[in-house]
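Report on the following structure.
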Amino acid sequence: MNSDLHAPLGQNRKGTSKGGIPFRRILTGVTWVAGLVVIGGISVWPWFYGDRLPDARMPPPPKEAAAKPSNPGGNPGANVSGLSKGNGQEGANVVKQTMDDGSVVTTYSPKARDGSGPVMINAGKTQERRLAGMPNLDLIEDTPEGKLPKIGPDGLRPFDYYARSWSGARGTRIAIVVSGLGISQTGTMRAVRDLPEEVTLAFAANGNSLSRWVPEARRNGHEVLLQVPMEPFDYPDNNPGPGTLVTSKGTATNIANLHQDMARMDSYTGVMNYLGGKFLSDPDALEPVMRDIAARGLMFLDDGSTAQSLSGQLAGALSVPHAFASLTLDTEVNQGAILKKLDDLERMAARNGTAIGVAAGFDESITAIKKWVDAAQGRGIEIVGVSALADTPAKN
């Protein structure tokens, strides 16, 4: 009998295939091919099925994040967190009446609020530092003369919103105002970038590049004022420039010129005079201007250059936040002389509790003020924005 008949199918007694290949090699080859198929199948599965490969160990893909409501321009009061915009007078009837004497009486009565659901009410009184440099659109009015400041729908005034915050502590407080900015570009740059942020900056209405310098000043922490040219006693020999408010031109022309000046910049707490000895002493010319300033929620800073000024009297009657400068610091444009005036200002503040100094944007003034402020703060004197020292009559 052939012994090969008792060997497994395809294998002879010597362990070889019929073709003469050892059976162990065939078995090894089959195992290797099978393993390759299994491994390859796992590897190519995701290629065919992508994210349909079931795997309990893998977390589910994250849900697409909901789009956040935008806050265009960082405007306070804009729609945030999906809530509609509201204000402090939400759900109230507000009626303003101008009386025969020119005073304004405001009455409030309840009403049903428009719409339903919750609203976002902006309760902020002053502008956040991160938003400085961008105006609050609720405090801007579009007019034929341009964009002018106005009191917001909730009664918020630009004077309050753009004011620089201070500590509230009882102690000696001094405000320093550097004026005439925007005329000289190099002087303006030095003032905006080199002066301590506690110093208030006043920009001339007929200055240049105000749309550049005013936002930069605000971002650097400065409170800002608009400086309006007004008629001096020796006008027109001494001419403050285009758009000067003049006693002989009548109310309509002066208000139109005032509005053109106001539209040159934004984000300011108030108006400061440039010259104006004659205009400030004329009640018929000054009263409509002060009334307009009051209606727009601004303060008025009188530079104290004329003893005949009526701005304080009219401000009290019209509820205009108002301040007088205590001292002009650079009547002599010399760094040593300016430092002496600053020491005089400090003595005035020590007696009265507060004082306001004004200077022009000369290099000597900027250098002296910067040096003095650093030393004064070390003596415990608080340098504040000029709005903090304004008399603020009760709002009508």
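The values are calculated or read from the model by the stated rules, or taken from the named source; none is laboratory data. What you are looking at is a predicted structure, and each value in this text was computed from that prediction instead of being measured. Note: ideal-geometry Cβ built from the backbone for every residue, glycine included; neighbour counts use all protein chains shown. Calculation scope for accessible area: heavy atoms of the full protein, side chains included, ligands and nucleic acids excluded. Shrake-Rupley method; radii C 1.70, N 1.55, O 1.52, S 1.80 Å.
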Original post:
Among the residues of region 108-122, is any polar (S, T, N, Q), farther than 27 Å from Gly378 by Cα and either surrounded by 15 or more Cβ atoms within 10 Å (Cβ to Cβ) or at pLDDT 85 or above (or both)?
Top reply: yes
Original post:
Could you count how many residues in region 241-281 are free of Cβ contacts under 8 Å to residues at least 40 places away in the same chain and either of a type in the set (Ser, Thr, Tyr) or surrounded by fewer than 16 Cβ atoms within 10 Å (Cβ to Cβ) (or both)?
Top reply: 11
Subject >> Residue selected from region 269-311 under the condition over 20 Å from Phe233 (Cα atoms) and among the small types (Gly, Ala, Ser), by the criterion nearest to the chain's Cα centre (by Cα) >> reply: Gly270
Original post:
Do you know which of the residues in region 140-159 that are under 17 Å from Val320 (Cβ atoms) and touching a Pro at 6+ places or on another chain (Cβ under 9 Å) is most open to solvent (accessible area, probe 1.4 Å)?
Top reply: Lys150
Original post:
So which residues in region 154-191 are outside any helix (DSSP H, G or I), small (Gly, Ala, Ser) and either under 22 Å from Ala132 (Cα atoms) or under 20 Å from the mean Cα position of the chain (by Cα) (or both), if there are any at all?
Top reply: Gly155, Ala163, Ser165, Ser167, Gly168, Ala175, Ser179, Gly180, Gly182
Original post:
Given the residues Asn220, Asn238, which is the only one that is touching a residue at least 12 places away in the same chain (Cβ under 8 Å), farther than 28 Å from Glu128 by Cβ and open to solvent by 10 Å² or more (accessible area, probe 1.4 Å)?
Top reply: Asn238
**OP:** Could you check, for region 306-314, whether at least one of its residues is open to solvent by 30 Å² or more (accessible area, probe 1.4 Å), under 21 Å from Asn136 (Cβ atoms), at pLDDT 95 or above and part of a loop (DSSP other than H, G, I, E, B)?
**Re:** no
Original post:
Could you give every pair whose Cβ atoms fall below 6 Å, whose first residue belongs to region 311-324 and is closer than 9 Å to Met290 by Cβ, and whose second residue is open to solvent by less than 10 Å² (accessible area, probe 1.4 Å) and of a type in the set (Val, Ile, Thr), counting only separations of at least 6 or pairs across chains?
Top reply: Val320/Ile293
**OP:** Being closer than 16 Å to Arg190 by Cβ and among the charged types (D, E, K, R) is the filter here, so list the residues in region 211-230 that pass it.
**Re:** Arg212, Glu216
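For region 177-202, give me each residue that is small (Gly, Ala, Ser) and open to solvent by 10 Å² or more (accessible area, probe 1.4 Å).
Ser179, Gly180, Ser184
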Subject >> Residue satisfying condition, being open to solvent by 30 Å² or more (accessible area, probe 1.4 Å) and either part of a helix (DSSP H, G or I) or farther than 16 Å from Gly180 by Cα (or both), within set Gly380, Gly297 >> reply: Gly380
Original post:
So which residues in region 355-372 are surrounded by 20 or more Cβ atoms within 10 Å (Cβ to Cβ) and within 17 Å of Ala217 (Cβ to Cβ), if there are any at all?
Top reply: Val358, Ala359, Ala360, Gly361, Ser365, Ile366, Ile369
**OP:** Output the number of residues of region 315-346 satisfying the condition of being under 21 Å from Asn273 (Cβ atoms), part of a loop (DSSP other than H, G, I, E, B) and not acidic (Asp, Glu).
**Re:** 8
Original post:
Does any residue of region 324-343 turn out to be within 27 Å of the chain's Cα centre (by Cα), modelled with pLDDT of 95 or more and open to solvent by 10 Å² or more (accessible area, probe 1.4 Å)?
Top reply: yes
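For region 184-207: of the residues being of a type in the set (Val, Ile, Thr) and free of Cβ contacts under 8 Å to residues at least 60 places away in the same chain, which is farthest from Met262 (Cα to Cα)? Talk me through it step by step, then tell me what you get.
In the first step, residues of region 184-207 are kept if they are of a type in the set (Val, Ile, Thr); the result is 186, 188, 192, 199-200.
Checking the rest, the ones that are also free of Cβ contacts under 8 Å to residues at least 60 places away in the same chain come to 186, 192.
Values: Thr186: 24, Val192: 20 Å.
The residue in question is Thr186.
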